[in-house]
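Inspection log for the structure reproduced underneath, given as structure tokens.
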Amino acid sequence: EAQVTQNPRYLITVTGKKLTVTCSQNMNHEYMSWYRQDPGLGLRQIYYSMNVEVTDKGDVPEGYKVSRKEKRNFPLILESPSPNQTSLYFCASSPSWGARYNEQFFGPGTRLTVL
Amino acid sequence: AQSVTQPDIHITVSEGASLELRCNYSYGATPYLFWYVQSPGQGLQLLLKYFSGDTLVQGIKGFEAEFKRSQSSFNLRKPSVHWSDAAEYFCAVGTISGGGADGHNFGKGTQLIIQP
């Protein structure tokens, strides 16, 4: 089944404790992206990647890191999480680098709480 | 930058009634426009998209949307809603690369509530 998977689905952590949220897609998509969703703010893009070893900042990149060493994986790293990073996170992928005109396929989301 | 506005935070509709969710875009040229649905506890799923051509676009689950350049709108419609349509709906516009982040800019979403 074609899908985007994220792990973990739920995570509660404390301020300053490094964490990684994994994202993997099995559709051979070049483009991958991370969004955060907050009430009243909709989805905001954190980082995106147009291909292996190519990443770029979205609208809200501060406090986050990403890497794209393999085409299928795009982990989101929070080196020192803070409470304002409590949010619902979505990974998405798209068939080509032209994500502005292609459908994006979303993972199920990761709900992160930072205490 | 390309952006979309969804003026309604919540919409309540009776089951079986018609639905229209509003979306206004900001972009000088012909935009790439999308509607996504997010069911509770799920990721977003594409309902339909518009690039060019016929201004009335058909999507999945009985939804359609009409692109109106004169009004800068891309409203989502359904003639008769079902209780399973209760979800959050997002309008999105494709962003141009080369200075801006490549991908979609999403509206803030409209929560659809279905009354029995």
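Cα extents for the range A:44-104 along the principal axes, largest to smallest and rounded to whole angstrom: 34, 23, 15.
If you place +1 on the Cβ of every Lys and Arg, -1 on the Cβ of every Asp and Glu, and leave all else neutral, what size is the dipole of the protein assembly as shown about its Cα centre, to the nearest 20 Debye?
400 debye
When only Cα pairs under 8 Å and 6 or more residues apart are kept, what is the percent relative contact order across the range A:1-99? Relative contact order comes out at 36 percent. Give me the distance between the Cα centres of the range B:41-94 and the range A:5-34, rounded to whole Å. The distance from the Cα centre of the range B:41-94 to that of the range A:5-34 comes to 28 Å. For chain B, report the translational diffusion coefficient in µm²/s to the nearest whole number, using Stokes-Einstein at 37 °C, 0.692 mPa s, and a Kirkwood Rh over Cα pairs. Calculated translational D: 229 µm²/s. In percent, rounded to a whole number, the relative contact order of chain B is 37, using alpha-carbon pairs under 8 Å and six or more apart. The phi torsions of the range A:16-31, fed into the Karplus equation with coefficients 6.51, -1.76 and 1.60 and a -60° offset, translate into couplings of x, 8, 4, 9, 10, 10, 8, 9, 9, 10, 10, 10, 6, 7, 7, 9 Hz, rounded to whole numbers, with Gly and Pro shown as x. Counting only other chain Cβ atoms within 10 Å of each residue's Cβ, the peptide B:103-113 averages 5. Between B:A29 and B:H10, the modelled label-to-label distance comes to 4.1 nm, taking each label 7 Å out from Cα in the direction of the beta carbon. Take the Cβ-Cβ distance between A:S96 and B:E66 as r, set R0 to 25 Å, and report the resulting FRET efficiency rounded to the nearest 0.05. Approximately 0.35, to the nearest 0.05. Residues in the range B:7-16 carry Karplus couplings, in order, of x, 9, 7, 10, 9, 10, 9, 6, 4, x Hz; the curve used is 6.51 cos²θ - 1.76 cosθ + 1.60 with θ = phi - 60°, and Gly or Pro positions show x. With a Förster radius of 22 Å applied to the C-beta separation of A:N84 and A:T20, the computed FRET efficiency comes to 0.70.
Its residues counted as N, chain A yields a C-alpha radius of gyration over 2.2 N^0.38 Å of 0.99.
No value in this document is a laboratory result; all are computed from the given coordinates. Just so it is clear, the structure is predicted and the values come from calculations on it, not from any experiment. With ideal geometry, Cβ positions are generated from the backbone for all residues, glycine too; neighbour counts draw on all protein chains shown.
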